[in-house]
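The values are calculated or read from the model by the stated rules, or taken from the named source; none is laboratory data. Small disclaimer: the values here were computed from a predicted structure and weren't measured. Here the Cβ is made from the backbone with ideal geometry for all residues, glycine too, and neighbour counts use every protein chain on show.
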Amino acid sequence: MLFRHNYTGYPMVRQAREMVANGEIGKIRVVQVEYPQDWLTVEQDFKQANWRTDPNQSGAGGSTGDIGTHAFNLACFITGLEVESLAADIQAFVPGRQVDDNAHVMLRFAGGARGMLWSSQVAPGNENALRIRIYGEAGGLEWAQEDPNYLWHTPFGEPKRLITRNGAGAGDAAARMSRIPAGHPEGYLEGFANIYTEAANAIIAAREGKPIPDRVVFPSVQDGLKGVQFVSACVRSSARNAAWVPLDH
C-alpha cells in the first residue's frame with residue numbers, strides 16, 4: 001500500500017502541499033476529494049477484478065480499500081491535517097458483490113476542518129479520476145490526477161490562476177519533483193520514480209549516519225496503518241447506519 005501512493009511524488013501535489021504549509025489559502029475549512037472509476041460497473045471475471053472483489057484476498061474494503069485509501073491519503077498529505085472521525089455510507093451495488101463498490105464518507109479533521117470523500121468503481125464515464133479541492137479562509141486549490149501538470153489557485157475575491165509544472169509561480173517543492181521541461185507530459189510513472197528516489201535518499205542518509213532532510217517526503221508505515229484504519233472505520237460506520245466513529249480503534 002505504501003508505495004502505491006505515487007501521486008505524492010507528483011510535482012503539483014508537492015506544490016499544493018507547499019502552498020498550504022505557507023498559509024497561501026489560509027486556515028483550511030473544507031476538503032473535497034474523490035476517486036471515481038467505472039471498470040467494476042458490472043460483474044467482471046478476470047484476475048484484477050476477482051481478487052479485488054474477494055474479501056478473503058482484498059480485506060473488508062472494496063472501493064474504500066482499493067482507491068478510497070488513496071483519496072484519504074492525498075487529502076491528509078496536501079493539507080497536513082489528521083482525520084479524527086468519519087461517518088461512512090458504503091454500498092455494494094453490483095448484485096452478489098461481497099465488498100463495497102461505492103462509498104460516501106464525511107470527515108472531521110483535527111482543528112475543525114470538514115471534508116467529504118467519494119470513492120466509486122461503478123461510476124460510468126470515469127477512468128481514473130482522482131481529484132481534490134481544498135478551501136481555506138483566503139482561497140482555494142484544485143488538482144486532478146488525469147491532468148497532473150496543472151494546479152488551480154483561486155485567492156478569495158480574485159480571478160482563478162493556473163500554475164503549471166515548472167512554469168511561472170511553481171515553487172521549489174514542485175521543481176524538485178519535475179523530471180522533464182515544462183509543457184511535456186509528466187505524471188504516473190514519474191510519480192513512482194520520485195517516491196523511490198525520496199526513499200533512496202532517506203536510506204543513504206541513514207547509512208551515512210546523517211538526519212533525513214526535511215524536504216525528503218515519502219509514504220511511511222504509519223501512512224499505511226492510517227489507510228487500514230480508514231477502511232476499518234468506514235466499514236464500522238456504515239454498519240451502524242453511517243454513525244460517526246473514530247479512526248484510531
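A few comments on the model shown:
- Within this structure, residue 168 fails the test of being over 26 Å from residue 106 (Cα atoms) and assigned to a helix (DSSP H, G or I).
- Selection over region 37-69 of residues that are among the aliphatic types (A, V, I, L, M) and either touching a Cys at 6+ places or on another chain (Cβ under 7 Å) or at pLDDT below 90 (or both) gives a count of 2.
Yes/no per residue for (1) at pLDDT 90 or above; (2) exposed (fewer than 14 other Cβ atoms within 10 Å of the Cβ); (3) of a type outside the set (Phe, Trp, Tyr):
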{"residue": "153", "(1), (2), (3)": "yes, no, yes"}
{"residue": "159", "(1), (2), (3)": "yes, yes, yes"}
{"residue": "166", "(1), (2), (3)": "no, no, yes"}
{"residue": "173", "(1), (2), (3)": "no, no, yes"}
{"residue": "176", "(1), (2), (3)": "no, no, yes"}
{"residue": "179", "(1), (2), (3)": "no, no, yes"}
{"residue": "190", "(1), (2), (3)": "no, no, yes"}
{"residue": "202", "(1), (2), (3)": "no, no, yes"}
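- Residue within region 171-194 that is in contact (Cβ under 8 Å) with a residue 60 or more places away in the chain, of a type in the set (S, T, N, Q), at negative phi and not in a loop (DSSP other than H, G, I, E, B) present: yes
- Region 212-249: number of residues that are modelled with pLDDT under 90, over 17 Å from residue 59 (Cβ atoms) and in a loop (DSSP other than H, G, I, E, B): 11
- Within region 1-44, the set of residues being in contact (Cβ under 8 Å) with a residue 60 or more places away in the chain and charged (D, E, K, R) comprises 4, 14, 17, 18, 24, 27, 29, 34, 38.
- Remark: residue 207 falls outside the filter, which requires a residue to be at pLDDT 85 or above and touching a strand residue (DSSP E or B) at 6+ places or on another chain (Cβ under 8 Å).
- Per the conditions (1) under 30 Å from residue 38 (Cβ atoms); (2) part of a helix (DSSP H, G or I), the sole criterion not satisfied by residue 134 is (2).
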